[in-house]
Amino acid sequence: MKQPVNKTLWLSSAFALLLPASAMADINMFARTTGDTCFACHGPNGKGVPGGSIPPIAGKDAGYLAQTMKDFRSGKRPSTIMQRHAKGYTDAEIETIAQYLSQIK
Amino acid sequence: MSIKFTRRNFIRTASVTAALPAGALLTSAHAMTSVQGTAQPHVVVIGGGFGGATCAKYLRRYDSNIRVTLIEPKKTYTTCPGSNWYLAGLTDFDSITHSYQALKDKHGINVVHEWVSGIDPAGKTVKLKNGETLQYDRLVVSPGIDFRWDTIEGYGPEDVDKVPHAWQAGPQTKLLYDQLRAMPNGGTYIICPPPNPFRCPPGPYERVSMVADYFKKHKPKSKIIILDAKDKFSKMPLFMQGWQDLYGDMIEWIGASDGGRIKSVDVASKTVTTAEGETFKADVLNVIPAQKAGKLAFDAGLTNESGWCPVHQNTFESTIHKGVYVIGDSSIAGKMPKSGHSANSQGKICAAAIAVDLNGWDMPRPKLANTCYSLVANDYGISVVAVYQFDGKVMNKVKGAGGVTPKGAAPSQYLAEATYARGWYKSITHDTWLG
């Protein structure tokens, strides 16, 4: 029998439990699954790797993360590869992913 | 028994657990699901490379109620990324070889080191060589590549101990390393890259760079000849510029149209004959044959006439067998290259798709990323980047994003990319196996 599981349960499985309800509504499955692809370079949970050269992104201020991505995208902040990545995302996508990453403890 | 799990009572539960660390939250999420009385679904993942190991880990991340069994015959996994760096002597073999301990201990995955002897998609079972039969609810297959041994006369699987391909990392990589070390100064290394599509498009050319780096330091009179089955290759202008700047005339590339396509190999004399009938004799010969999906994919009937596995590219579920997912090099993944990074991304989206399917959630349409770094020298890195999203039909490139390292950039850019290449390796191996 199919359980009447609320979609929110999806969000609960690791991080969203730490959030107030209002913030939780801002995180969507797009942000979570897309944000998780950042970990290939930025380490498990976006926390970097000891001795690694790619900085952590988890738990940073959402506004800072979003602005950094936007500045990479415009070229205002110089980068090696991040401009090439950032150009693949809209403002709204950057903001929602930043929100998700900022809430990783 | 069924307890309707509303957002309201979920949040109430959440407030109780709010003070716990992330690890404990997984347990509480698990407990909550158990409250509903849901049976624990079993997902079997076959193949412990970048695709399979990532998928196993992220299945547990997305729904800790899922029981995951990862089947991989090897006790440790040696990666193709980084294996060229090892050939140059820039890193040691242990640094590119990883254990499954963290997946077992930290993520609760049942890792079984055994060969698969058969898959029954209708009966939803996997048979192991030890006689055991596993029942699954969903199956993920990530078998990597196999070679088309019928494409080059005189070169078959029995010849790889003399003429390595070194395109599946491990003993083959060590063999090529040893042959390069034993080669006299002034010798010739010949590499024959395969036609498209193949695992790691920039890989053969990074290998050339790394062998050149080793020769320049230790055997400067030596030559490298590339007999290519193609007329162009990944990051070609960047590699060409780097080779010219760093290695002068040590490297000669012969494209398919200029007589580079090989027809046959004489293993005993390490001589290659091209389609035009010209012969080239090597001291160290490295033939990388044309490729197809891993053998397991064929055995399970997951391939089509192309020799690769067609999948619904938003979920990576096979279009041939329902409930079976194919990720990594074996899959037909739209514009995504066959790379470790692609496989890692696909492992995550596949894990999400299975969690979504098992729980009746909505499938998101995430954006995936791929970055392929290559070292042209120890302090000289280049890259190609792309962002992908399912467009309703295929996993397509997001327009306006991606691209390669600018040609003629300042040395500081190449140095930074070499540093980030190593950082990428550390991170992705932790994301896949170690962290």
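The values are calculated or read from the model by the stated rules, or taken from the named source; none is laboratory data. Everything numeric in this text was worked out from a predicted model, so none of it was measured. Every residue, glycine among them, receives a Cβ derived from its backbone with ideal geometry; neighbour counts consider all protein chains shown. Surface areas here come from the heavy atoms of the whole protein model, side chains and all, with no ligands, DNA or RNA. Shrake-Rupley method; radii C 1.70, N 1.55, O 1.52, S 1.80 Å.
Taking the accessible area of segment B:370-435, probe 1.4 Å, and keeping the other protein chains in place, the carbon and sulfur fraction comes to 56%. For segment B:174-278, the fraction of 1.4 Å probe accessible surface lying on carbon and sulfur atoms is 51 percent. Counting only protein chain heavy atoms and rolling a 1.4 Å probe, the accessible areas of B:His312, B:His218 rank, largest first, as B:His218, B:His312.
The largest accessible area among B:Arg181, B:Arg207, B:Arg67 belongs to the first residue in B:Arg67, B:Arg181, B:Arg207, and the rest follow in falling order (1.4 Å probe, all chains). Principal axis extents of the C-alpha atoms in segment A:64-104 (largest first, rounded to whole Å): 26, 16, 14. The residues of the protein assembly as shown present an accessible area of 39 Å² per residue when probed at 1.4 Å with all protein chains retained.
Is the shape of segment B:28-145 best called rounded, prolate or oblate, per the rule: a/c under 1.5 gives rounded, else a/b larger than b/c gives prolate, else oblate, with a ≥ b ≥ c the square roots of the Cα gyration tensor eigenvalues? Because a/c hits 1.5 or more and a/b fails to exceed b/c, segment B:28-145 counts as oblate.
Inter-chain Cβ neighbour count for A:73-82, averaged per residue, equals 4 (cutoff 10 Å, partner chain atoms only). Could you state how much accessible area is buried at the B-A interface, both sides summed, with a 1.4 Å probe, in Å² to the nearest 100? Rounded to the nearest hundred, the buried surface is 4900 Å².
Rolled with a 1.4 Å probe across the full set of protein chains, the surface gives B:Ser374 an accessible area near 0 Å².
Once each part is reduced to its C-alpha centroid, what is the distance from segment B:355-413 to segment B:98-145 in angstrom? The two parts, judged by their Cα centres, are 29 Å apart.
Dividing the Cα radius of gyration of chain B by its Kirkwood radius returns 1.01 for Rg/Rh. Sorting B:Arg60, B:Arg148 on solvent-accessible area from highest to lowest, probe radius 1.4 Å, gives B:Arg148, B:Arg60. Cut-off under 18 Å on the C-alpha distance; same-chain residues fewer than 8 positions from B:Lys174 excluded. Which aspartates and glutamates are left, in chain and number order? The reachable aspartates and glutamates, counting only those whose Cα sits under 18 Å from B:Lys174, are B:Asp92, B:Asp94, B:Glu158, B:Asp159, B:Asp161, B:Glu206, B:Asp213, B:Asp283. Placing dummy labels 7 Å off each Cα toward the beta-carbon, the span from B:Asn378 to B:Arg148 is 4.0 nm. The sum of -39500 (n - 2.57) across all DSSP H runs of n ≥ 4, divided by the residue count of chain B, sets its helix-only mean residue ellipticity at 222 nm to -9500 deg cm²/dmol. In terms of Cα atoms, the Rg and Dmax of the protein assembly as shown work out to 23.8, 77 Å.
Projecting label points 7 angstrom from Cα along Cα→Cβ for B:Lys263 and B:Ser99 puts them 5.2 nm apart.
Would you work out if segment B:153-290 is rounded, prolate or oblate? Take a ≥ b ≥ c from the square roots of the eigenvalues of the alpha-carbon gyration tensor; rounded if a/c is under 1.5, else prolate when a/b is larger than b/c, oblate otherwise. Rounded. Of the cross-linked pairs B:Lys338/B:Lys367; B:Lys124/B:Lys335; A:Lys87/B:Lys57; B:Lys338/B:Lys426, those separated by over 24 Å at the C-alpha level are B:Lys124/B:Lys335; A:Lys87/B:Lys57. In the context of the full protein assembly, B:Ser412 retains an accessible surface of approximately 80 Å², using a probe radius of 1.4 Å and ignoring ligands and nucleic acids. Taking 18 Å as the limit for the C-alpha separation, the pairs B:Lys235/B:Lys295; B:Lys232/B:Lys407; A:Lys47/B:Lys397 exceed it in the case of B:Lys235/B:Lys295; A:Lys47/B:Lys397. Within the same chain, aspartates and glutamates fewer than 8 places from B:Lys74 are excluded, and of the rest, those with a Cα less than 12 Å from its Cα are B:Glu114. Show which lysines lie in cross-link reach of B:Lys281 when reach means a straight Cα distance below 20 angstrom and same-chain residues fewer than eight apart are skipped. Those lysines meeting the cut-off are B:Lys162, B:Lys219, B:Lys221, B:Lys223, B:Lys263, B:Lys270.
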